[in-house]
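Chemist: I have a structure here, written as structure tokens, and I will follow up with some questions on it.
Rule-based calculations on the coordinates, nothing more; no lab input. Because the structure is predicted, anything quoted here is derived from the model rather than measured.
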Amino acid sequence: MKKLIMLGTIVFAIALSSCINTNKEDMTQIKHKTIQVEDCKIFYRETGDPQKPTLLLLHGFPSSSHMFRELMPELTDEFHLIVPDFPAFGQTELLSREEFTYSFNHLARIIDKFYGGYRIDEVRHVCLRL
């Protein structure tokens, strides 16, 4: 089973974002992608070397992966970052309630399948901002 280690929440994001330089040239290295998970097309941002430790950054409610746009360039030299939008948030598609069960259990299953389908062997850290 893949190990998930919860790292920080708001304090982590605030501490790291305090040293953000928005003029970094590596902003262009952030890729915008989608992947099909069950019946939902999940949008995500990715940057960094996949050979480095992977951080899965999960946004809070109501928000999106966009909230990490300034933090990602600061972490990209040390980590491989994957930052998805939950179903119905950000740029991930919005499905009707008849097509998709909007519950925390189902969202957790979707995220588990998301990084499993992405073929990530191990996610070393998960950061959730509430």
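Chemist: Express in nm, to one decimal, how much length is gained between residue 70 and residue 94 on full extension, taking 0.36 nm for each residue of separation and deducting their alpha carbon distance.
Modeler: Values: separation 24, 0.36 × 24 = 8.64 nm, distance 2.53 nm.
Gain in length upon complete extension: 6.1 nm.
Chemist: Work out, step by step, the length gained on full extension between residue 102 and residue 39: first 0.36 nm times the residue separation, then minus their alpha carbon distance; give nm to one decimal.
Modeler: Numbers: separation 63, 0.36 × 63 = 22.68 nm, distance 1.29 nm.
The residue 102-residue 39 span can extend by a further 21.4 nm.
Chemist: How big is the gap, in Å, between the Cα center of the range 84-105 and the Cα center of the range 39-57?
Modeler: Cα centres, the range 84-105 to the range 39-57: 18 Å.
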